There are 2 protein chains.
Amino acid sequence: MLPQSITDHLINIVGANNALTSTADLYTHGFDASIHHHTPDIILRPRTAQEIQKIVTLANKQKIPLVPRGAGTALSGQAVPLHAGIVLDITRMDTIKTIRIPDLYCIVEPGVIYGTLNQQLAKHNFFFPPTPGSGDICTIGGMVAINASGMRAIKYGATRDYVLGMDVILPNGDFAQLGTKTLKNSSGYQLERLMVGSEGTLGVITEVTLRISPLPQKRTVALASYTNLEKAGEGVSSIIAQGVIPSALEIMDSVCIKAVNKAMKLDLPDAAALLLIEADGATATEDIQHIAQICKSTGAESITFTDDKKEMQRLWQGRKGVLPSLSRYGDSFVSVSLADDMSVPISRIPQAIVAFQDIAHRHGIIIGTYGHAGDGNLHTKVLLDPNSKSHWRHAEKAVDEIFRTVLKLEGTVSGEHGIGISKAPWMKQERHLALEAMEKIKNALDENNIMNPGKMGQWKGSIISHLRYPWKQKEN
Amino acid sequence: MLPQSITDHLINIVGANNALTSTADLYTHGFDASIHHHTPDIILRPRTAQEIQKIVTLANKQKIPLVPRGAGTALSGQAVPLHAGIVLDITRMDTIKTIRIPDLYCIVEPGVIYGTLNQQLAKHNFFFPPTPGSGDICTIGGMVAINASGMRAIKYGATRDYVLGMDVILPNGDFAQLGTKTLKNSSGYQLERLMVGSEGTLGVITEVTLRISPLPQKRTVALASYTNLEKAGEGVSSIIAQGVIPSALEIMDSVCIKAVNKAMKLDLPDAAALLLIEADGATATEDIQHIAQICKSTGAESITFTDDKKEMQRLWQGRKGVLPSLSRYGDSFVSVSLADDMSVPISRIPQAIVAFQDIAHRHGIIIGTYGHAGDGNLHTKVLLDPNSKSHWRHAEKAVDEIFRTVLKLEGTVSGEHGIGISKAPWMKQERHLALEAMEKIKNALDENNIMNPGKMGQWKGSIISHLRYPWKQKEN
C-alpha cells in the first residue's frame, strides 16, 4: 500500500480519470498472458512523456516499484507487478506521429497497436515486418520491450532489427533520446538496441522510430506432410541451404496435428510433422514451386501449394488452430505458457522435438510442439489441470529438462516471448557468462531498482509461484 | 613508458615473437586511416582468448590503457592509442571457426578479413552482406567495433543487424558470452548489440557469430545523370516510395564528377549529380528497368542500364574512382577524413549537399560529396595542405558547420565510420540526451577506464590534435 499522500500526488499527475485504484481494476491489472499474477497498488494511464517523467521521478525518489504495461499479452509475466507499486498503462499513448515513406521510417508512441500501424502503412504499400501472434492487439512498446518477432523472422528479422531510435524516461527520471532517424548510425553506444528486449527494467519507452519495408506484391503457401520427423528437418535444412529463404516456414508435430484434427475436424494427414511454408515477393510462385520440389526430394508424403487466397487461408487454418485446439485437448486441462518459445539452431529442430516428446512422456504430461522451424523457434504448450499441485510439479520438472536440452543443443530459452518470471532460472543458466555485466548495467541505470523489479535475472526460486490459478491442493 | 617488469610480463603472455617494441613498430602502430597519430608503449599480437584475458586482467590491475586493433582502417582515430599503453593487434586471430549454412550462421575470430570470409561463404552461395569500402583488408572485429556497413545497407542493413552473438573479454578480465547461435533471441539484455559500435571501449571481442544471407543470383546497374540536384533527390525518394528497394543507390556531386573526369578521363556527363543504382536478386533486370523509368520521370537527363558484367564494371568505375581522384585534385593537397560519413533522412540529401557546397565555398576549401543516397549516408573528403595551419583551422570551422547542419536536418554525425577522435565533439552534441547513460554504462563495465580511453565522448577540445602530419607552421 502506498501512503495516501503519494497516491494523491500520482493521481494528480495523470488526472483522476486516468488513475485506477478499485479492487477490480487492481486485480485485473495484475495479470498478463502468463501463468502469474500479483496485484499492484495503483494503475496510472499517462498521455504524455512529461507525465511519465513526473511519475518515474517520484517513483525513483520514493523507491516505488514501477511496471510499464502495453496490451498485457506478455506470456512470461513481464507485465506482472511482482512487488506491487505502480502499473504504468501506456495504451493511451497511441498516436502514429509520422510515416515518412521516402525516408523508410515511422515514429509511433508506445501504445500504438501493431495491427493498426500496419493498416496505416499498408495504404502506402509498406509494413513493419515482425509478425507476433498477438499482432491484432499487442502494442509496439510491448514488442520493443520483449524483442517480439513471429513467423516471418527467417526472412525479415525481429523487432531489434527495425528499431532505429527511441525516446526513453530513464529510471532516474531523465529524458533520453537514443538512436537516430537515419537508417545507419555509428554514433555512440547503440543504447536503443540495448533497450530492445529489456522488459521494462531499464526505463519507460515514450516514442519509437521504426524502419519500415515495402509490402511484398505476392504471397504463396505450401503444405508438406512427413511421416518421419528427421526427414521434415532435412526438408527445412535443404530449403535454406539452397538459398530460397521463405517468408515463413512453420512446423507442427504429431501432438498438434492430432489436437487440430480432433478440435477442428480438419482431416490433416496423420503425419509425424507438417511443414507450412510461405514465400513472398515478385518470385513467390517460382519460389514455392522450388520449395515444393525440395520437400518432395527430402521425402515429403503429400505436398500442396497454391497462390489462391482462399486456398492459402485453408492451408493456414491448421497452423492457426494449434493453440485453441491444444486448449481443448482435455476437459479439465488448460494450456499454459511454460518453456513456450525456445529457439535452437535450425538444423537441431528434429532433435529438440523428439527430446520434448520423450520428456513429456516420462513426466506423464502432454506437450504439443509447433513453431517457426525456419528460424529455429519452437513453441510448446503444456496441458495440465491448474488445480492440481502435482500437475504443476511434474510440469516444472519437464520444463527444467526441456530447457537443459535446449541449452545442450546450443539454443536459447527464449526466441521471442522473453524471460519475465517463467523463464528466469534458465535464463540465468544460459547467461551465466553475461549475468554480471547485465547486473552492472541494470545497477548503473536503475540505482534504486524501481523498474520492473524481480525480473531479468532477479527472480529467485521456483517459477510455480504467484500463480493466477488458486491451487485447490488436491494431490492427485 | 611501462615499467620493465610489466613489459616483461606482457611479452611473456604472447611470446617474444608477438610483442613489438621497436621504435619503427611503435610508430607505425600509432596510425589508423584517420588524421590522428599517437605512439603506444607496446604492441601485443595474441593468438587466443586466453592470452587476451591475461593481458586485459594485467592491464586492468595496473591501469594500463589498451586499444584493440584490427586492420587499422578506421577513419576517425578509433585505433589510435591516445594515452599510449598497449595496442592489441588481433590480426593473428583469423580463423573461420565454422560455417553452418542450414543454420544461417558462421562463427569467426575477430581478425578474419571481410573479403576472405565472403570468399569462403561464396562457395556455398551465401554472403555476409555489409559491404565496407575497405572490405578487402578490414577485419570482422573492426567491423563489429565500428558497426560498419557500406553501400548495400539500404537493402541489407548494417553489421549490427547480423551479429547474433559474441565472446568478449570484459575490461575487468572476465570472459563473457553474449547473444546466441540462434536467429532469434529474447533472453536477457542484448549486450551483443550494445558491443556493436562501441569502438573497443567496453571490452575485447574474441569471437563473433554472424547471420549470413543467400547470395543474390543476379545484379544489374543503372547510371542516371541529373542537371538539377533536387531532381536527383526526387529520383531517390520516388524509387524508395514505389517499393523497389535497390541493393545500392549511390550519389556523386558535381565536385566529385569533375575530380573523376580530370583524374580518370572518364567523360562522365557534366551534371549536378549522378545516381548509380544496383538491383539484385531474381528480378534484378525488371527492377532496374523500373528504376530507370522512375529516374526518367523525375527528370534524369541520361540513363544507362545493363546486366552485362563488363558494362557494369565500367559504370561503377566513376563511383569507385571518387576517393583516389579527389586525392589528386591539387598537387600539395591531401584528402582527409573530416566530417566524412554523416547520415541524414534520405529525403534530406539534396539539402545536405547544397549546404556542404555552400559551407566549402564560404571557407575557401574544397569538399566533394558522394555516398550512399539510398540510406542517407554521405561521405565528404576535405582537401587541404596538411602543412598549413590555416587550412586546418578553416577545415575545422567548415566541419563544425557541416555537423551542425546535419543535426538540424535530423541526421547523425556518423552513419558507418564511427566517432573515434575526429567526430567526438559533435557526437556529444548529437547525443547530449544520452551521454550520461553512456557514461554510466562505460563506468559500470570499465571502472579503471583502461579500454580505449579518450574515445566515445571522453575526448575534449579541438579535433585538430594528435595529427599524423607535422605542421610546418607556415601560416598561409
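Close contacts from the stretch B:298-324, counting a first residue that is surrounded by 18 or more Cβ atoms within 10 Å (Cβ to Cβ) and modelled with pLDDT of 90 or more and a second that is in a helix (DSSP H, G or I) and of a type in the set (Asp, Glu), with Cβ to Cβ under 6 Å and a gap of 6+ residues or different chains, come to B:298/B:234. The number of residues in the stretch A:239-257 being over 23 Å from residue A:331 (Cβ atoms) and open to solvent by 20 Å² or more (accessible area, probe 1.4 Å) comes to 4.
In the stretch B:336-343, the count of residues that are modelled with pLDDT of 95 or more, touching a helix residue (DSSP H, G or I) at 6+ places or on another chain (Cβ under 9 Å) and within 30 Å of residue B:465 (Cα to Cα) is one or more. Within the stretch A:343-365, if we keep just the residues that are more than 22 Å from residue A:228 (Cβ to Cβ) and in contact with a Leu (Cβ under 8 Å, 6 or more places away or on another chain), the residue that is least open to solvent (accessible area, probe 1.4 Å) turns out to be A:343. Taking the criterion of being facing another protein chain (nearest Cβ under 10 Å) and within 23 Å of the chain's Cα centre (by Cα), the only residue of the stretch A:443-456 that qualifies is A:456. Among residues of the stretch A:80-105 that are within 14 Å of chain B (Cβ to nearest Cβ), those with a Cβ under 6 angstrom from a residue that is open to solvent by 40 Å² or more (accessible area, probe 1.4 Å) and assigned to a loop (DSSP other than H, G, I, E, B), sequence gap 6+ or separate chain, pair up as A:101/A:124.
There is no residue in the stretch B:5-24 that is modelled with pLDDT under 95 and hydrophobic (A, V, I, L, M, F, W, C).
Of the residues contained in the stretch A:370-380, one or more are found to be more than 14 Å from chain B (Cβ to nearest Cβ) and closer than 30 Å to residue A:194 by Cα. Here the condition is being over 26 Å from the mean Cα position of the chain (by Cα) and facing chain B (nearest Cβ under 8 Å); of A:243, A:197, it holds for A:243 alone. Among the residues of the stretch B:158-198, the one identified as out of contact with any strand residue (DSSP E or B) (no Cβ under 9 Å at 6 or more places or on another chain), buried (at least 24 other Cβ atoms within 10 Å of the Cβ) and farther than 14 Å from residue A:194 by Cβ is B:158. Looking at the stretch B:21-32, is at least one residue open to solvent by less than 10 Å² (accessible area, probe 1.4 Å), of a type in the set (Val, Ile, Thr) and touching a residue at least 12 places away in the same chain (Cβ under 8 Å)? Checking the stretch B:21-32: not a single residue is open to solvent by less than 10 Å² (accessible area, probe 1.4 Å), of a type in the set (Val, Ile, Thr) and touching a residue at least 12 places away in the same chain (Cβ under 8 Å). In the stretch A:118-140, the residue that is nearest to the other protein chains (Cβ to nearest Cβ) out of those that are open to solvent by less than 30 Å² (accessible area, probe 1.4 Å) and closer than 19 Å to residue A:89 by Cα is A:138.
Once the stretch A:366-407 is narrowed to residues that are among the charged types (D, E, K, R) and over 19 Å from residue A:333 (Cα atoms), the residue that is surrounded by the most Cβ atoms within 10 Å (Cβ to Cβ) is A:375.
Taking the stretch A:409-442 as the range and being without any contact (Cβ under 8 Å) to a residue 12 or more places away in the chain, open to solvent by 40 Å² or more (accessible area, probe 1.4 Å) and at the interface with chain B (Cβ under 7 Å from one of its Cβ atoms) as the test, the residues that pass are A:433, A:436, A:440. Residues that are within 9 Å of another protein chain (Cβ to nearest Cβ) and of a type outside the set (A, V, I, L, M) were ranked within the stretch B:141-158; the one that is farthest from residue B:58 (Cα to Cα) is B:157.
Annotation: residue A:75 fulfils all but one of (1) among the hydrophobic types (A, V, I, L, M, F, W, C); (2) farther than 19 Å from residue A:110 by Cα; (3) open to solvent by 10 Å² or more (accessible area, probe 1.4 Å); the unmet one is (2). When residue B:268 is tested against (1) part of a helix (DSSP H, G or I); (2) away from every other protein chain (no Cβ under 14 Å), just one condition goes unmet, and that condition is (1). For the stretch A:393-420, the set of residues classified as of a type in the set (A, V, I, L, M, F, W, C) and out of contact with any Leu (no Cβ under 7 Å at 6 or more places or on another chain) consists of A:398, A:402, A:403, A:406, A:407, A:409, A:413, A:419, listed by residue number. Of all residues in the stretch B:33-63, those satisfying the criterion of being in contact with a Gly (Cβ under 7 Å, 6 or more places away or on another chain) and open to solvent by less than 10 Å² (accessible area, probe 1.4 Å) are B:34, B:36, B:40, B:56. Residues that are over 16 Å from the mean Cα position of the chain (by Cα) and open to solvent by 10 Å² or more (accessible area, probe 1.4 Å) were ranked within the stretch A:106-117; the one that is nearest to residue A:46 (Cα to Cα) is A:109.
Does the stretch B:417-430 contain any residue that is out of contact with any Ser or Thr (no Cβ under 9 Å at 6 or more places or on another chain) and not basic (Lys, Arg)? Looking through the stretch B:417-430, at least one residue is out of contact with any Ser or Thr (no Cβ under 9 Å at 6 or more places or on another chain) and not basic (Lys, Arg). A count restricted to the stretch B:172-188 and to residues that are more than 26 Å from the chain's Cα centre (by Cα) and not hydrophobic (A, V, I, L, M, F, W, C) stands at 9. Of all residue pairs spaced 6 or more apart or on separate chains, those with beta-carbon atoms under 9 Å, a first member in the stretch A:179-193 that is more than 7 Å from every other protein chain (Cβ to nearest Cβ) and a second member that is acidic (Asp, Glu) and open to solvent by less than 10 Å² (accessible area, probe 1.4 Å) are A:179/A:192.
Are any of the residues in the stretch B:161-176 at the interface with another protein chain (Cβ under 7 Å from one of its Cβ atoms) and at positive phi? No, there is no match, as no residue in the stretch B:161-176 is at the interface with another protein chain (Cβ under 7 Å from one of its Cβ atoms) and at positive phi. Residues of the stretch A:339-384 that are of a type in the set (D, E, K, R) and touching a residue at least 60 places away in the same chain (Cβ under 8 Å): A:340, A:341, A:348, A:375. When A:215, A:210 are checked against the criterion of being more than 30 Å from residue B:123 (Cβ to Cβ), open to solvent by 30 Å² or more (accessible area, probe 1.4 Å), within 14 Å of chain B (Cβ to nearest Cβ) and within 23 Å of the chain's Cα centre (by Cα), a single residue qualifies: A:215. Looking at A:236, A:260, just one residue is away from chain B (no Cβ under 13 Å) and crowded, with 24+ Cβ neighbours inside 10 Å, and that residue is A:260.
The values are calculated or read from the model by the stated rules, or taken from the named source; none is laboratory data. What you are looking at is a predicted structure, and each value in this text was computed from that prediction instead of being measured. Positions of Cβ are backbone-derived with ideal geometry, glycine not excepted, and every protein chain shown enters the neighbour counts. Protein only, heavy atoms only, side chains kept; ligands, DNA and RNA dropped before computing areas. Shrake-Rupley method; radii C 1.70, N 1.55, O 1.52, S 1.80 Å.
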